[in-house]
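One structure is given below, encoded as C-alpha cells.
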Amino acid sequence: MHRVPSAGNTSGSSRPRKEKQLTYVLNDADDSKHCAGINCLAVLKSSSSCDYLFTGSRDGTLKRWILADDEASCSATYESHVDWVNDAVIAGNTLVSCSSDTTVKIWNGLSDSVCARTLRQHSDYVTCLASAEKNSNIVASGGLGGEVFIWDIEAAVLPVFKSPDVIDDEGSNKIVNPGNYGLPMSNLRSVTSSNSMSLNNRQSHGYSPIAAKGHKESVYALAMNDNGTLLVSGGTEKVIRVWDPRTGSKNMKLRGHTDNIRALLLDSTGRFCLSGSSDSMIRLWDLGQQRCVHSYAVHTDSVWALASTPSFSHVYSAGRDLSLYLTDLSTRESILLCTNDHPILQLALQDDGIWVATTDSSIHRWPAEGGQPQKVFQRGGSFLAGNLSFSRARACLEGSTPTPVYKGPSFTIPGIPAVVQHEILNNRRQVLTKDTSGSVKLWEITRGVVIEDYGKVSFEEKKKELFEMVSIPAWFTMDTRLGSLSIHLDTPQCFSAEMYAIDLNISGASEDHKINLAQETLRGLLAHWISKRRQRSGSQASSNGDGPTVRDVPNRNLTYSRIDADDGLESHNLVLPAFEFSTASPPSIITEDSQGVSWRKKITELDGSEDEKDIPWWCLDCVLNGRIPPRENTKCSFYLHPCEGSNVQVLTQGKLSAPRILRINKVVNYVLEKMVLDKPPEGGNADAPFGLIPGIGQSQLSSLSDNTSRTIKPWQKFKPSIEILCNNQLLSPEMSLATVRTYIWKKPEDLVLNYRIAQNR
C-alpha cells in the first residue's frame, strides 16, 4: 500500500509552510475500464432483469457494471478517492467505500456517481468494511490505525444547519452557502450533480460514530451478521475480536491463528464465524462455545478472501496461492475450482457464478454452482482438507496437487494493463512506460497522450534508443501507484524548466522566446476551468452591471513578479498546441483544499466555482496573473578562452553568465561580434552577467541574431567561422550551456569554453 504524505504544515512547526501539491493523473482513452488491480467487489441484486456489480480498484476509482446475459457494461465511474480503494459494501441502495486516503465515502449506488458524504475519522489507511444485510443503516470500518468505527449511515449523511456566526478553528467566521445546506466552508468537498464543489464536514458535521476500542495493531478484516447485532474483527494481532456494534463493547476474543487474519465471515444468525489467515488456514468458530470447532488446511499460502453459500454449508476461499477452492464445512471435502494468473483479493457470489478480484485490472466470473455446490464435487478430484497447515504444503511438495475443475472463466470484464515501469526522458516532456502486458509506450506528459506505442519490445533497449544528450531541470516528480502516470507539481521547483518556443514548434514565436513548461502545463490543465470561470464571471457581471474579470487571485508573495511580455506572446490564457490536453480522455487533478482535505476531479468536470480554497493559490496566481516564483540556478557561469595554441585574440578575462538554456550558437555569435568589431559591446563589463547591455533590458546573446547581422553586414566577407570546444570536444551549435556542463564538462567548477577559428575553412 502507498502512503500519501500530507502537504499541510505541522501544527506548531517552525519550518516554513509547504505549499499544497498539485497532481494530475493521465487517463487512458477507455475510461470505462480499470487500469490497476481490483481490491473489492460487491453485487447488488435487482428486481429488474439485471444485477449490478460494483468494483473498487487500486486506480482510485469505483465502477458500476450492469450485468445481463453474459454481458457487462460500465454505467458509472465513482471518482473522488485519491488513493487505492480498498473495500466497498452495499447498504440498501447505498454504496460505501474506503480507501488508503484515510476516508470512508458514501454514494448513491443507483443514481449518478455523486459522493454524498466523506467521513474522516480514521488516522491511517481504511482497509475494510462490513455491512448488515437486513439493517442497511449500519456499516463498520477498520484500518491500519487499529480503529474500528460503526457508522449510522442516515445520521452521517444528514445535512446540518449552522448560523453564519459560527467561529472556525482559526477564529475566523465560517462562510455559509445557502445552496449547501448551511455547511461551513471548512468542511470536506465532494462532487455534486452539478459538478460543483459541495461541502462535507471534516468531522462528519458533528456526527460521531461508535468506536470499538481494543485493537492495538492494524485491522484487516471485518464481518457483521444480518441484523447488525454482532461484529467481528481481525488483523495483525492474530486474534478475532467480537463486538456489540450497537455499543462498541467487547464480547470476547478468539485465539488460534498463528499469523495475520485477512478475511472474516459470519453466518446470518451470528453463531458461526469463518476466518482466513496468512498462516494458510481456514477456521470455523462457534461463538456460542467461544472456540474453534474445525480447521481446514486447503491452501498453500495466505488466505485473503472468503465467500459462503447462503446456507453457510460451503465456503469458497482464495488468496496468495492463485487458487480458488470450494470446501464442504461439515464433511471437510474440498475441491480446486480454478487457478488464476494473479493473487486473488476478494470474491463475490452471484447466482451460480462467482466474481473474482485479483491484482490484475480484469475481473473474471467463474462457474460456482452457488445454489447447489454439491454438484461440483460430483465431477471428482476432491480431497479431504487436513487440520494442520503443513499438510497441504507437504501434499503439494509430494506431487499431489489437485487438478482444477474449470480451465477458464465463463466471463471476463477486461481491464487496461497497469503501468509498472517508467523512465523520464532527458527532454523532461516525455516518459517511457511499460505495462503489465509488456507493452512499451511513449507519453507526452505536457499533453497527456501516448505519442508512440512500440508494442512488446525491450524497455531497456528502447530507453537507450531514445536517449538524448540534453539537460533540462527536473520540474516534476511522478509515480505509477494508481496504475497510470501521476505527475506531481510542487512550487517553486516545478517552474525551473524552460525551453525555447521554436523547439516546441510554436508558430509566430521569435527565436529567443522562452516557455516555462510548468506554467504552460498548468494553463492546459485549467483551460476548461478558466473558460467556465469566465462564463460564471460574465453572467454575474451582467446581473450586476460590471465587467467580468479573472485576475483576482491575491498576490501572496511580494517577491513574485509578473512575467514580462515579449515577442507578441504576452502573458496569455490561450493554450499552446504543445500543452493541449485531450478532452476525450482528460486527466484528473488531485490536490488539497485550504483545510488539508484531498479531492480528485477530471479537468473537464471543473465548473469554474473552484477558487483558491480548492486549488493551490500558486497555481491560480500562475495561470490567472502570469506570476511565477523566483527561480534558482537559472544561470550558468562560465569562462570563455581561446583554444590553447590558437592565434585568436583574447576577448575577455572575467567570468561570464548566461541562461542555462542558451545555445552554443549564441556564444559563437558573441565571439564573432567581439572579434569583428574588435571591442566589447558599448557599456559592457566582462565580469558582469554575460552580455548584459545597459538600457536594453535583455541579454545581448538573446538579441545577437538580429543586432549582430545589422552591425557586421558591411564586413560580412571578413567574418570568420568560429568553433566552440569544451574539454577539447567540438560542441554542436544546438547544444545548451546546461547540456555542455552536464555531459561534456562534468565538473563542479565553473564551465570553461574555448573558441577557435574553424579549421579547413
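Here are a few things to note about the model shown:
- In the assembled protein chains, D69 presents an accessible area of approximately 140 Å² (probe radius 1.4 Å).
- E333 paired with L466, simple spin-label distance in nm, labels 7 Å along Cα-to-beta-carbon: 5.6 nm
- Modelled spin-label separation between N505 and Y406, with each label point placed 7 Å from Cα along the Cα-to-Cβ direction: 4.9 nm.
- Cα point-scatterer Debye curve for segment 277-373, base-10 log of I(q)/I(0) at q = 0.24 Å⁻¹: -1.31
- For D750, distant residues with modelled amide H under 5 Å away: none
- Label-to-label distance, nm, for residues given as Q653 and E632 (7 Å Cα→Cβ offset): 3.3 nm
- Exposure ranking of V104, V450, V676 by accessible area [1.4 Å probe, largest first]: V450, V676, V104
- Phi-based couplings in Hz for segment 132-143 (Karplus 6.51, -1.76, 1.60; Gly and Pro marked x): 9, 4, 9, 9, 6, 8, 10, 9, 10, 9, x, x
- 19 Å reach of a label modelled at N727, 7 Å along Cα-to-Cβ, counting backbone N of segment 420-448: 426
- Amide H within-cut-off set for T127, under 5 Å, with H built and near neighbours excluded: G142, G143, L144
- Those residues of segment 343-385 whose amide nitrogen sits under 17 Å from the label point placed on S439, 7 Å along Cα→Cβ: 360-363
- Here's the picture: a label point sits 7 Å out from the Cα of E217 along the beta-carbon direction, and within segment 131-155 the residues with their amide nitrogen under 16 Å of it are 143-147.
- Where L522, L265 fall by accessible area, highest first, once all protein chains stay in place (1.4 Å): L265, L522
- Theoretical FRET efficiency, 1/(1+(r/R0)^6), r = Cβ-Cβ of V457 and T77, R0 30 Å, to 0.05: 0.40
- With the convex hull drawn over the C-alpha atoms of segment 22-131, the volume per residue is 108 Å³.
- Across segment 585-676, Cα pairs under 8 Å and at least six residues apart give a relative contact order of 17 percent.
- Dimensionless Rg over Rh [segment 379-507; C-alpha; Kirkwood]: 1.25
- Which of T77, T583 is most accessible, then next, and so on - probe 1.4 Å: T583, T77
- Length released on extending from V450 to C643, taking residue separation times 0.36 nm less the Cα-Cα span: 64.9 nm
The values are calculated or read from the model by the stated rules, or taken from the named source; none is laboratory data. Bear in mind that the values here come from a model prediction, so they are computed numbers and not experimental data. Glycine also receives a Cβ, built like all others from the backbone with ideal geometry; neighbour counts cover every protein chain displayed. Note: accessible area is taken over every heavy atom of the protein model, side chains too, but ligands, DNA and RNA are not part of it. Shrake-Rupley method; radii C 1.70, N 1.55, O 1.52, S 1.80 Å.
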